[in-house]
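Worksheet: one structure, shown below.
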Amino acid sequence: MHVKQDGSKYGVGISMPRRESYEKVSGSAVYTDDMVLPGMLYGAVLGSDYAHARIKSYDTKAAKALKGVKAVITAADFDMQRCGMLIKDEHPLARDKVRYIGEPVAAVAAIDMATANLAMQLIEIEYEELDAVFDAEEAMLENAPILHEERDSYDGIVASPGLHNVASYTRCQEGELDVWETCDVIVEGVYETPAQEHMYIEPCSTIADIDPMGKVTVWSSQQSVFIPRQLTAEALGIPMTKLRFITPQVGGAFGGKCGVTNQPVTVALALAANAPVKLTYTRSDDMIMNKSRHPSRIYMRTGADSSGKLIAREAKIYFNTGAYADEGPLIGSVATFFSRGPYKIKNMNVETWCVYTNRTKAGAFRGFGVPQATFAGESQIDELAEKLNMDPFDLRMKNMVATDDKWLGGQNIDHGTLPGCLKAVYEASNLRERPKQQKLDNNKWRGIGVSTSAHVSAVLSASAVVKLNEDGTITINTGAVDIGEGADTILSQMAAETLGLHPDDITYTCTDSDTSPYNYQTAGSRTTYVVGTSVTQASVQVRNQIYKHASEMLESAESDLEILPGSFVGVKGSPDARIPFSAVAGRALNQVGGPIVGMHSWLYHNTPFDKETAMIEGFALDGGGVFCFAAQVAVVDVDKDTGKVEVVEFWSAHDVGCAINPKSVEGQIFGGVVQGLGYALFEELVWIDGQISNPSMMDYKVPGMNDVPYDIHAIILETQEKTGPFGARGVGEIPLNGVAPAICNAIASATGARVRTIPATSERVLQEILKLE
Amino acid sequence: MMETISLTINNEVHTVLIETRQTLLSVLRDKLFLCGTKNGCNHGVCGACNVLVDGKAMRACLLLAITLQEREITTIEGLSENGELSLLQKAFASHQAFQCGFCTSGMLISATALLDHDSTPSISKIRHELGGNICRCTGYVQIIDAVKSVCEGKTDCT
Ligand code: FES
Ligand code: FES
């Protein structure tokens with residue numbers, strides 16, 4: 001933290017307003033769909049009418065002949081190739097086969113939307129319908145129709161497990177298998193979680209513009225400029241030199257805009273029409289054509305001895321990945337990796353299948369496999385506590401991991417911050433004094449539920465360039481896309497802290513694949529840790545170069561220098577011996593040394609699994625690290641006559657190492673908790689005969705202000721992460737992970753009814769209540 | 001069918017050639033390039049397109065532009081004056097009452113309408129009145145805090 005002459009504070013640890021505050025509150029922030037280019041055409045995508053069918057032929061003549069239509073394309077026109085982040089199994093437009101209702105199969109560019117929509121009605125596609133399968137376990141049966149006949153030959157980093165319709169299979173086993181005899185209590189159950197829609201308020205949108213040399217510039221609502229460029233290049237067979245990706249403001253993403261969405265189709269339309277094209281999905285197209293969270297069915301069994309010590313857990317996790325794998329293999333691996341929860345359980349045996357079915361694909365969504373595993377695991381902790389006649393909080397305290405314990409797979413937990421999180425929610429919610437079950441008016445009952453969760457906050461590579469400008473200000477350039485979480489602001493704060501600059505003296509470059517250094521994606525709660533490290537280290541390099549020049553200019557040892565507020569460097573203890581950064585920049589540019597640029601690039605190395613203690617099979621990740629922990633408490637009221645649940649208060653404690661911008665951390669917590677509340681109580685895409693029956697905001701409910709409590713308490717703890725920038729670790733995903741089990745545990749405490757299928761709609765809750773009577 | 005109409009938007013009269021079935025949202029965004037008003041669903045559910053019509057918050061995606069010739073329309077662009085933000089806008093900035101910002105225009109319009117009619121709403125009234133504006137990012141707490149701070153006359157909380 002620094003203090004300006006006027007007393008205002010800046011740098012790390014300050015809740016400074018977002019860099020882009022003015023644009024966003026004045027309505028002037030530019031999102032992709034707000035842009036218009038001269039001569040721009042409008043795109044639309046035609047979806048398949050069948051859940052599973054062979055494409056026999058296309059007839060696009062009538063559509064092409066319509067006045068105002070400039071391009072009609074199918075996979076055949078472009079020789080589109082399969083692409084995918086982990087398994088190359090998906091064409092941007094279906095080729096040879098369609099595998100779900102609504103799968104993009106043709107696209108149109110026209111002078112306006114009305115013409116584009118009319119043209120779509122004129123496209124004739126002849127299909128030969130095939131049998132379809134919609135349930136993950138049914139799809140694994142030998143007689144189920146096969147979605148990907150050529151799965152075994154697909155390229156990608158995940159090998160085929162060779163099982164019927166299985167995209168990937170993961171297993172982790174530790175300890176012994178036959179220990180169930182030694183358990184005094186065992187709980188066993190089947191847990192089901194829904195396909196949750198991301199429902200970012202900005203539907204996917206892309207604009208592609210083509211220059212006379214054939215280079216295509218792409219503006220899109222996306223979570224990276226690099227991954228979509230790579231996948232577009234692969235799908236269309238275009239070299240990356242012909243593709244430039246830029247990200248304007250992004251109206252929310254949550255994982256839904258990871259990988260590619262409609263960029264390849266938009267680029268193909270622009271190339272076909274030789275004109276700029278905008279393709280913005282309608283809300284229902286977005287819901288049908290873009291991914292959701294993996295729905296899961298989890299068979300889980302956990303055993304403990306009579307003292308409450310957890311002994312064994314086994315789980316079979318089925319993830320329905322829909323027609324394409326997307327990041328499913330990695331999500332399945334992560335679910336396996338987090339299936340033990342933050343507890344010491346010596347004997348573990350967990351298997352996860354990620355299975356193809358004829359539904360819209362599932363993929364990355366905040367939490368990335370952890371919410372599903374946590375729902376089952378945290379429900380079972382409470383079920384065990386009930387059988388043991390123990391307080392569920394005490395059972396957690398007894399078994400939780402702490403510093404230097406091992407995670408599933410053998411990684412060391414360097415900062416075991418869970419005990420602190422549990423104690424914090426215990427005290428803040430006054431858990432000791434609160435009745436577990438309380439009768440209110442009418443037939444309303446109040447209950448309280450606890451959950452814990454964990455996440456990692458570092459994966460893959462990033463880089464940053466920090467430049468000293470002629471006037472002594474700074475330009476930061478990273479490939480990190482701010483999807484609304486505030487990366488631009490907190491990365492600026494880190495540079496500001498390192499260089500003593502006010503964030504107003506820092507400019508942050510828009511992410512551009514041609515000019516930004518590489519960064520993987522805004523995903524995996526990794527930006528603060530991974531990109532933050534690069535920005536900080538690059539800033540340190542700039543600072544060192546400033547010191548070197550200043551030491552010669554001020555004739556003083558580098559160790560005697562310090563950075564002063566207002567972009568000055570000076571001699572410690574001599575207020576007059578100081579020079580502005582601009583003088584240093586001028587000297588570097590014109591006299592000695594050349595431009596001052598800091599550059600840092602790195603790859604986060606996961607701690608590898610311990611192959612001695614764990615049997616690991618099929619993991620799409622080679623280890624984990626930088627664990628973060630959380631504890632949550634929900635108070636709910638349940639109407640026993642109707643089954644309606646209301647969350648009345650919620651506590652969520654997180655150890656973030658160092659809160660670079662505390663208000664932004666709180667924002668992540670509030671937002672994650674409310675998305676988790678929707679997941680727990682309302683949200684579910686519903687398929688009937690392979691067709692999504694609620695593809696609109698009207699029919700798919702996300703929580704509004706009236707559906708969530710104002711009393712959500714974000715508790716921030718700060719146990720410094722030794723390796724993190726300023727001691728920070730990530731917080732983007734973890735607030736969502738444990739919300740559903742905390743709420744379902746509270747429902748059980750209020751009513752005695754255990755809901756094992758979420759969302760816990762009134763109907764499901766009531767059914768469970770009635771079973772007790 | 002095309003028709004030329006006059007719309008009064010942010011105290012300025014715009015004469016514009018529209019399709020008779022065109023919504024106000026489409027006219028604002030596609031004809032007048034007032035793109036601060038957002039399209040989140042186009043079906044009247046999310047509130048991202050909210051504008052003030054004679055001081056009342058309404059869904060621009062559900063209004064036919066042609067029916068609004070005698071009305072006063074205010075969009076997000078009209079909440080600030082000569083670049084100077086309103087108190088509510090400033091409070092949204094200082095409370096970080098947005099993340100991605102896509103719901104923010106509509107949220108600010110609804111909150112402006114609320115405070116115009118009741119300068120000291122209770123939290124439950126705020127939750128009720130803004131209940132039709134969906135935000136997928138913030139969890140709403142900081143939005144409520146921002147609105148409250150304006151009622152209480154303090155917008156700076158940094
Ligand atoms: S766009 Fe009008 S309510 Fe959603
Ligand atoms: S700030 Fe993203 S939807 Fe509200």
Sole miss for residue B:126 among (1) facing chain A (nearest Cβ under 8 Å); (2) part of a loop (DSSP other than H, G, I, E, B) is condition (2)
Selection count, the range A:623-658, where residues are among the aliphatic types (A, V, I, L, M) and either in contact with an Asp or Glu (Cβ under 6 Å, 6 or more places away or on another chain) or open to solvent by 20 Å² or more (accessible area, probe 1.4 Å) (or both): 2
If you scan the range B:60-89, which residues turn out to be away from ligand 2 (no atom under 16 Å from the Cβ) and either facing another protein chain (nearest Cβ under 8 Å) or without any contact (Cβ under 8 Å) to a residue 24 or more places away in the chain (or both)? B:67, B:70, B:75, B:77, B:79, B:80, B:81, B:82, B:83, B:84, B:85
Hey, among A:260, A:250, which residue is under 26 Å from residue B:46 (Cα atoms), of a type in the set (A, V, I, L, M, F, W, C) and within 16 Å of ligand 2 (Cβ to nearest atom)? A:250
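To keep it simple, each residue is scored yes or no on (1) more than 30 Å from residue A:617 (Cα to Cα); (2) open to solvent by less than 20 Å² (accessible area, probe 1.4 Å).
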{"position": "A:119", "(1), (2)": "yes, yes"}
{"position": "A:127", "(1), (2)": "yes, no"}
{"position": "A:137", "(1), (2)": "no, no"}
{"position": "A:146", "(1), (2)": "no, no"}
{"position": "A:173", "(1), (2)": "no, no"}
{"position": "A:181", "(1), (2)": "no, no"}
Can you find a residue in the range A:250-266 that is in contact (Cβ under 8 Å) with a residue 40 or more places away in the chain, closer than 30 Å to residue A:174 by Cβ and either within 14 Å of chain B (Cβ to nearest Cβ) or buried (at least 20 other Cβ atoms within 10 Å of the Cβ) (or both)? yes
For residue B:97, are the conditions met, namely being part of a loop (DSSP other than H, G, I, E, B), surrounded by 18 or more Cβ atoms within 10 Å (Cβ to Cβ) and more than 8 Å from chain A (Cβ to nearest Cβ)? yes
Just to be sure, is residue A:9 of a type in the set (Lys, Arg), free of Cβ contacts under 8 Å to residues at least 24 places away in the same chain and within 14 Å of chain B (Cβ to nearest Cβ)? yes
Looking at the range B:4-18, can you tell me whether even one residue there is in contact with a Phe, Trp or Tyr (Cβ under 9 Å, 6 or more places away or on another chain), over 30 Å from residue A:255 (Cα atoms) and within 13 Å of chain A (Cβ to nearest Cβ)? no
Restricting attention to the range B:118-139, which residues are more than 16 Å from ligand 2 (Cβ to nearest atom) and within 15 Å of the chain's Cα centre (by Cα)? B:129
Hey, does the range A:664-679 have a residue that's closer than 21 Å to residue A:755 by Cβ, within 14 Å of another protein chain (Cβ to nearest Cβ) and among the charged types (D, E, K, R)? no
Has the range A:664-673 got any residue that is surrounded by fewer than 19 Cβ atoms within 10 Å (Cβ to Cβ), touching a strand residue (DSSP E or B) at 6+ places or on another chain (Cβ under 7 Å) and β-branched (Val, Ile, Thr)? no
Checked pairs for the range A:136-164, first farther than 13 Å from residue A:356 by Cβ, second at pLDDT 95 or above and of a type in the set (D, E, K, R), C-beta under 8 Å and 6 or more apart or across chains, list as A:155/A:82; A:155/A:88; A:156/A:88; A:156/A:89
If I go through the range B:102-123 residue by residue, how many of them are part of a loop (DSSP other than H, G, I, E, B) and more than 25 Å from residue B:34 (Cα to Cα)? 5
Just give me the residues in the range B:14-58 being basic (Lys, Arg) and away from ligand 2 (no atom under 16 Å from the Cβ), in sequence order. B:21, B:29, B:31, B:56
Determine whether residue B:115 is more than 9 Å from every other protein chain (Cβ to nearest Cβ) and either more than 16 Å from ligand 2 (Cβ to nearest atom) or open to solvent by less than 30 Å² (accessible area, probe 1.4 Å) (or both). yes
Any residue at all in the range A:226-247 that is more than 19 Å from residue A:90 (Cβ to Cβ), outside any loop (DSSP other than H, G, I, E, B), away from ligand 1 (no atom under 16 Å from the Cβ) and charged (D, E, K, R)? yes
Meets criteria (free of Cβ contacts under 8 Å to residues at least 40 places away in the same chain, of a type outside the set (Gly, Ala, Ser) and away from ligand 1 (no atom under 13 Å from the Cβ)) for residue B:104: yes
Of those in the range B:44-58 that are farther than 14 Å from residue B:24 by Cβ and facing chain A (nearest Cβ under 7 Å), the residue nearest to ligand 1 (Cβ to nearest atom) is B:46
Return yes when residue A:376 is farther than 26 Å from residue A:306 by Cβ and in contact with a Phe, Trp or Tyr (Cβ under 9 Å, 6 or more places away or on another chain) and no when it is not. no
Looking at the range A:417-432 only, could you name the residues that are open to solvent by 20 Å² or more (accessible area, probe 1.4 Å), outside any helix (DSSP H, G or I) and at pLDDT 95 or above? A:430
Output the residues belonging to the range B:20-43 that are more than 8 Å from chain A (Cβ to nearest Cβ) and open to solvent by less than 20 Å² (accessible area, probe 1.4 Å). B:24, B:25, B:27, B:28
When both residues are 6+ apart or on different chains and their Cβ atoms are under 8 Å apart, which pairs have a first residue that lies in the range A:272-287 and is in contact (Cβ under 8 Å) with a residue 12 or more places away in the chain, and a second that is within 14 Å of ligand 1 (Cβ to nearest atom) and among the acidic types (Asp, Glu)? A:278/A:33; A:280/A:33
Please verify whether the range A:473-483 includes one or more residues that are within 14 Å of another protein chain (Cβ to nearest Cβ), touching a Ser or Thr at 6+ places or on another chain (Cβ under 8 Å) and not β-branched (Val, Ile, Thr). yes
Within the range A:335-378, which residues are among the hydroxyl-bearing types (Ser, Thr, Tyr), more than 23 Å from residue A:525 (Cβ to Cβ) and either touching a Gly at 6+ places or on another chain (Cβ under 7 Å) or surrounded by fewer than 24 Cβ atoms within 10 Å (Cβ to Cβ) (or both)? A:357, A:360
Return the only residue of A:79, A:96, A:33 being in contact with a helix residue (DSSP H, G or I) (Cβ under 9 Å, 6 or more places away or on another chain), closer than 23 Å to residue A:232 by Cα and free of Cβ contacts under 8 Å to residues at least 60 places away in the same chain. A:96
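The values are calculated or read from the model by the stated rules, or taken from the named source; none is laboratory data. Just so it is clear, the model here is predicted, and its values are computed rather than measured. Methodologically, a virtual Cβ is constructed for each residue, glycine included, from the backbone with ideal geometry; neighbour enumeration extends over all protein chains shown. Ligands, DNA and RNA are stripped out before the accessible areas are found, and what is left, the full protein with its side chains, is counted by its heavy atoms. Shrake-Rupley method; radii C 1.70, N 1.55, O 1.52, S 1.80 Å.
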